[in-house]
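Colleague: Handing you a structure now.
The values are calculated or read from the model by the stated rules, or taken from the named source; none is laboratory data. Quick caveat: nothing in here was measured; it's all calculated off a predicted structure. Reconstructed Cβ throughout: ideal geometry from the backbone, glycine too, with neighbour counts over all protein chains shown. For accessibility, only protein heavy atoms count, side chains too; no ligands or nucleic acids. Shrake-Rupley method; radii C 1.70, N 1.55, O 1.52, S 1.80 Å.
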Amino acid sequence: MSVGKPISHEAATLHVTGRASYVEDQALGVARLAYAWPIASPHAHARVLGIDPSAATGMAGMLCVLQASDVPGENDVGPVRHDEPLFPAEVCFHGQPVAWVVAESVEQARLAAERVKVDYEPLPAITSIESAIAQGSFHTEPERMLRGEPQQALAAATEQLAGELFVGGQEHFYLETQAALAVPEDDGILVHSSTQHPTETQEIVARVLGLPKHQVTVQCLRMGGAFGGKETQANLWAGLAALAAKKLGRPVLVRLTRKQDTSMTGKRHPFLGRFRVGFERDGKLSALLLELYSDGGFSLDLSSPVLFRAMFHADNCYLLPHVEIVGRICKTHVVSHTAFRGFGGPQGMIMIEEIMDRIARQLGIPPHVVRERNFYRPGDTAHYGQEIKDAERITRIWSELQASSDFAKRTTELAAFNAAHPHLKRGIAITPVKFGISFTTAFFNQAGALVLIYKDGSVQVNHGGTEMGQGLHTKMGQIAAHALGLPLSAIRLMATRTDKIPNTSATAASSGSDLNGAAVKAACDTLKERLAAVAGRRFQAAPADVVFEDGQVYPWMRPEDAVPFSAIVSQAYLDRTPLFAAGYYRTPKIHFDSKTGRGKPFHYYAYGAAVSEVEVDGFTGQYRLLRADLLHDVGTSLSPLIDRGQVEGAFIQGVGWLTTEELVWSPEGALSSSGASTYKLPTLGECPPIFNVELLARAEEPGVVYGSKAVGEPPFMLALSVREALRAAVASFGNGGGVELASPATPEAVFWAIEKLRSKAERALRAAE
């Protein structure tokens, strides 16, 4: 059977040979294709007083300059709150497009855009979380989660500490930049979009054009990466391409350059956390007061659910008996920050890991001991009321990983190494992960599929999920093949289209396989039931006794009577049996009340843990990741090779966020790190030479398709072990006490953290003298 087999990505051959087709490839050979180029603001905040295109008029290839007056519908592409004008009258971030030139070629459009004159009135800009807090600039009212009596418990705690941590954002840096191709049709428009959410893109295009949705079709064949950056932020480019195509009556391509993409699209939300914590001398946490401030950028986008997920995950794997978490979304004059792998979960989890380490170092207890003492136990509930039914799973993972990684032995060896090397120190850390799986907005937890069987027995599968390199189509093919008893070669996955599967949810929240897989299986089960009835008549057997296996069909008691699957399909056609079926799935029993901060927002939790070891040079702050051991829970894996790739990739991407990927904004609000030369992505050099990755055995998850679990986002947070290992190494340059380590922990940040410890030690020495 297909499910559970370690097979390669369904488009692997296309990828490595360069034959995989993306949005821009689909534009090749399109007759009368036109191209759009933006006119970007040089200000972070300004009023647009006027746009004069006269100097560009008549230039070679020039077709038009698109402005707000060209919009027949609504001049807005905001996905939640209508606060993102397609053509703004007030600029709200540096590089925001205020108008677009459309021409016969990209170069002609670029040259014409340089001639368009825009008159601005510069206005004061807010470009940091601290400035937004000081000026009271917020998108929403405070959100709050409360359990117990945290103020009283804090006052009664034996030990206390307070602190804050700023966590930087992260650029998605998908390989394929934002792109959309719009093609006018007789009575509507077709948009090829690099989007994680075709239905929402369809809705935004229809809104901009003033059309009903049935006149807009959106297709996504595949994306060259997304990581959340194309969940909502693909909509603007699709709306622009569609508007230009409708105006000119010809196809139009919008494809951003790398610099445009990094300057014009949102990032992972930067966060500022401020905390006060009470605990006992054994390290058990008794009270937590946590304030979370996110930088939402100029518009709301998905900042509310991102903040909520940060608040949900501020516990990670730890029981918070008395806790109050307050969250605010800051409104600033930078790009509108958006979804990114983990969707706020990493920002919440880094806060509690920061707190656990500070507790441990204040008490002189090893951090891994403090972490384990605070783990959830069976019967515990999260601070938002959901029972942690499988709390023993993290304890099992913790124990198995410590054994397989030789954690205790290596810790002893590392101490000896550090004692012998005054200017080179090593650190080791183990950290856990608990990540909730489901959209926290309940109605997004639904999916549809359409499965077609042709007379020759071959199968087409349509579903609402999008393929962005993560292997979703591979898993859907395996599910369909498994359900129908066919070889994978009999299954073809089709491009995701809104005219095949309507009203879909985004491929996000790590739920693509859960939702779409269950819908595909439901459609296949319906078809199999119909075919079993046909086969039962042929074999004179009960339909329940018919076996579908390896492309053959037979009654279980007479395998020698087996006939090809295609023979049963042909007979079903002659019998006028429908050979297509729709499947539908919705996640059961999830709910959450944001007003009370209580509910069951997650269908289940995915768990994991990682041990990382680093080496730090005390003279420069440079470091190496020497070894990483990962043990991750994916339930019963649908596709082990795909899942292993997701775990490895997520971990390395998380390492980048926590160590090398530093977003730098100028005081004027311009992004200075806007390309690969100034923004340091993790490379092969950041991969540890010893990299052990295992999937948890005997981990079936009931109530999910074939016992599997989501895998896209949870392993991203395994990288927290690298940051904690760096902190341990830095601490070894001092007396092992508290370490203030910036995030990202760049070599510069590590160097200054070491220098701070050295200065502290020197002051103590002088005081003793």
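Colleague: Accessible area per residue, 1.4 Å probe, Å², for segment 696-769: what's the number?
Modeller: Roughly 41 Å² per residue, with all protein chains present.
Colleague: Among Thr496, Gly327, Gly608, which residue has its Cα positioned farthest towards the positive end of the charge dipole of the chain, with +1 placed on the Cβ of Lys and Arg, -1 on the Cβ of Asp and Glu, and the dipole taken about the Cα centre?
Modeller: Gly608
Colleague: Using alpha-carbon pairs under 8 Å, 6+ residues apart, how would you state the relative contact order of segment 46-123 in percent?
Modeller: In percent, rounded to a whole number, it is 50.
Colleague: Right, next: Using Cα centres only, tell me the gap between segment 425-446 and segment 537-573 in whole Å.
Modeller: Using only Cα atoms, the two centres lie 44 Å from each other.
Colleague: Counting every Cα pair in segment 346-468, what percent are over 21 Å apart?
Modeller: 63 percent
Colleague: State, as an integer percentage, the relative contact order of segment 226-288 based on alpha-carbon contacts under 8 Å between residues 6 or more apart.
Modeller: 23 percent
Colleague: Need one number: the % of Cα-Cα pairs in segment 491-592 sitting beyond the 24 Å mark.
Modeller: 38 percent
Colleague: Going highest first, how would you order 420-433, 330-343 by mean Cβ packing within 10 Å?
Modeller: 330-343, 420-433
Colleague: Something else now. In whole percent, and with a 1.4 Å probe on the protein chains, what portion of the accessible area of the chain is carbon and sulfur?
Modeller: On the chain, the fraction of accessible area on carbon and sulfur atoms equals 53 percent.
Colleague: While we're on this one: About the Cα centre, and with charges only on the beta carbon of Lys, Arg (+1) and Asp, Glu (-1), how big is the dipole of segment 64-198? Nearest 20 debye, please.
Modeller: Computed charge dipole of segment 64-198: roughly 320 debye.
Colleague: Another question, if that's okay. In debye, nearest 20: dipole of the chain around its Cα centre with unit charges on the Cβ of K, R (+) and D, E (-)?
Modeller: 580 debye
Colleague: Give me the dipole magnitude in Debye, nearest 20, for segment 511-669 about the Cα centre, with unit charges on the beta carbon: positive for Lys and Arg, negative for Asp and Glu.
Modeller: 1000 debye
Colleague: Let me ask another. Work out the charge dipole of segment 520-657 with +1 on the Cβ of Lys and Arg and -1 on the Cβ of Asp and Glu about the Cα centre, then indicate which of Ile568, Val655, Phe619 is farthest towards its positive end.
Modeller: Among Ile568, Val655, Phe619, the one farthest towards the positive end of the dipole of segment 520-657 is Ile568.
Colleague: OK, next. Between segment 145-168 and segment 632-690, how far is it from one alpha carbon centroid to the other, in angstrom?
Modeller: 31 Å
Colleague: Accessible area per residue, 1.4 Å probe, Å², for segment 461-511: what's the number?
Modeller: Result: 25 Å² of accessible area for each residue.
Colleague: Which listed residue (Leu154, Thr17, Ala31) has the Cα farthest towards the positive end of the charge dipole for segment 1-154, taking +1 on Lys and Arg C-beta and -1 on Asp and Glu C-beta about the Cα centre?
Modeller: Result: Thr17.
Colleague: Sticking with this one: Counting helices only, and only those DSSP H runs with n ≥ 4, report the 222 nm mean residue ellipticity of the chain as the sum of -39,500 (n - 2.57) divided by its residues, in deg cm²/dmol to the nearest 500.
Modeller: -9500 deg cm²/dmol
Colleague: Which log10 I(q)/I(0) values, to two decimals, does the chain give at q = 0.07, 0.09 Å⁻¹ under the Debye formula with one point per Cα?
Modeller: Computed log10 I(q)/I(0) values: -0.54, -0.87.
Colleague: Please identify the trypsin sites (Lys or Arg not before Pro) of segment 511-590 that satisfy two criteria: DSSP loop assignment and at most 10 other Cβ atoms within 10 Å. Which are they?
Modeller: Passing both the DSSP loop test and the Cβ count: Arg576, Lys589.
Colleague: Kindly report, to the nearest 10 Å², the accessible surface of Asp406 as traced by a 1.4 Å probe over protein heavy atoms only.
Modeller: 80 Å²
Colleague: Something else: Segment 597-717: D in µm²/s via Stokes-Einstein (Kirkwood Rh, Cα pairs, 25 °C, 0.890 mPa s)?
Modeller: Value of D from the Cα-based Kirkwood radius: 147 µm²/s.
Colleague: Continuing with this model, one more query. In Å³ and rounded to a whole number, note down the convex hull volume per residue for the Cα atoms of segment 544-640.
Modeller: In segment 544-640, the Cα convex hull volume per residue is 291 Å³.
Colleague: Here's another thing I want to ask about it. Restricting to Cα pairs below 8 Å that are 6+ residues apart, what does the relative contact order work out to for the chain? Please round to a whole percent.
Modeller: In percent, rounded to a whole number, it is 15.
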